C-alpha cells in the first residue's frame, strides 16, 4: 500500500537556460524558482536523501497527457452532471518544455512545497499541482504516475462548491489538484519527477506539474455551457 501526501508540485526535462533573475516574470517581491535554481545534483535539503531525477520520456509524457485530457473531457462532457455541469469548451493539454524545466527547478530542491513563482515569458500566471508519496523501490515510474494521477478523480467532494467560483487556495485540500487540472484557461502543462532513496525498502516519489494558467479566486474553474 502506498502512503500518499498531498501537495501541489511537478517534473520535466531541461531547456536552454533563461535568466529568471533579471526578469522574473513575477509579482513584485516574489522570487522565480528559475532564479539561481538547485544544481542537477540537488539543493542543500537533498543531503542524505540520495535523490534521483526521474527522466520523463515521450512515453510518460503521452501517458500523463492522456490521463489529464481524459479527465478534463470526462468532466467537460457533463458526465458528472449536475455536480459538474457541461463545459462550454475544454482545450486539450499539450506538453511545454519550459514549464517542465521550471518544475524541475522545484523538485531538485528536495523540499515538498509550492513555488513563490514559476512563471515564464509566455505564461505570466502559471498554475501548479503536485504529489508526494512513498512507494516500494520496485515501483516503476509508470506505476507511480498512474497511481498519483488516478487520485485526482477521487478528489471531487472537497471542491464541489468551487465549480462556479473558485475560492480554495489551500494546497492541503485534495480538491485543489483536481480544480487545477479542470481549469479551462490552461492549454499547456510540463512536469518533473524526483525520487528519494531513504532506505532499501521504499522511496519517496515527488511530482510537480506546472500549467499555463492558474486558478483565479472568485472566477469559475471552467465556464459552463
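State yes or no: is residue 29 farther than 27 Å from residue 151 by Cβ and in a loop (DSSP other than H, G, I, E, B)? Yes: the conditions hold for residue 29. Using the structure shown, decide if residue 79 is surrounded by fewer than 21 Cβ atoms within 10 Å (Cβ to Cβ) and touching a strand residue (DSSP E or B) at 6+ places or on another chain (Cβ under 6 Å). Spelling it out, it is not the case that residue 79 is surrounded by fewer than 21 Cβ atoms within 10 Å (Cβ to Cβ) and touching a strand residue (DSSP E or B) at 6+ places or on another chain (Cβ under 6 Å). Quick one: in the stretch 120-149, of everything that is in a helix (DSSP H, G or I) and in contact (Cβ under 8 Å) with a residue 40 or more places away in the chain, which residue is surrounded by the fewest Cβ atoms within 10 Å (Cβ to Cβ)? Restricting to residues being in a helix (DSSP H, G or I) and in contact (Cβ under 8 Å) with a residue 40 or more places away in the chain, the top hit is 142.
Against the list (1) touching a strand residue (DSSP E or B) at 6+ places or on another chain (Cβ under 8 Å); (2) surrounded by 13 or more Cβ atoms within 10 Å (Cβ to Cβ), the condition residue 27 fails is (2). Scanning the stretch 193-225 for residues that are under 21 Å from residue 100 (Cβ atoms) and in a loop (DSSP other than H, G, I, E, B) yields a count of 4. Of all residues in the stretch 42-57 being assigned to a loop (DSSP other than H, G, I, E, B) and in contact with a strand residue (DSSP E or B) (Cβ under 8 Å, 6 or more places away or on another chain), which is surrounded by the most Cβ atoms within 10 Å (Cβ to Cβ)? Looking at residues that are assigned to a loop (DSSP other than H, G, I, E, B) and in contact with a strand residue (DSSP E or B) (Cβ under 8 Å, 6 or more places away or on another chain), I get 56.
The set of residues from the stretch 104-120 being over 10 Å from residue 26 (Cα atoms) and over 14 Å from the mean Cα position of the chain (by Cα) comprises 108, 109, 110, 111.
Residue pairs whose Cβ atoms lie under 7 Å apart, sitting 6 or more positions apart in sequence or on different chains, and linking a residue in the stretch 58-77 that is in a helix (DSSP H, G or I) to a partner that is at pLDDT below 95 and surrounded by fewer than 18 Cβ atoms within 10 Å (Cβ to Cβ), are 60/142; 63/142; 71/153.
The values are calculated or read from the model by the stated rules, or taken from the named source; none is laboratory data. Keep in mind that what you see is a predicted model, and the values were worked out from it rather than measured. Positions of Cβ are backbone-derived with ideal geometry, glycine not excepted, and every protein chain shown enters the neighbour counts.
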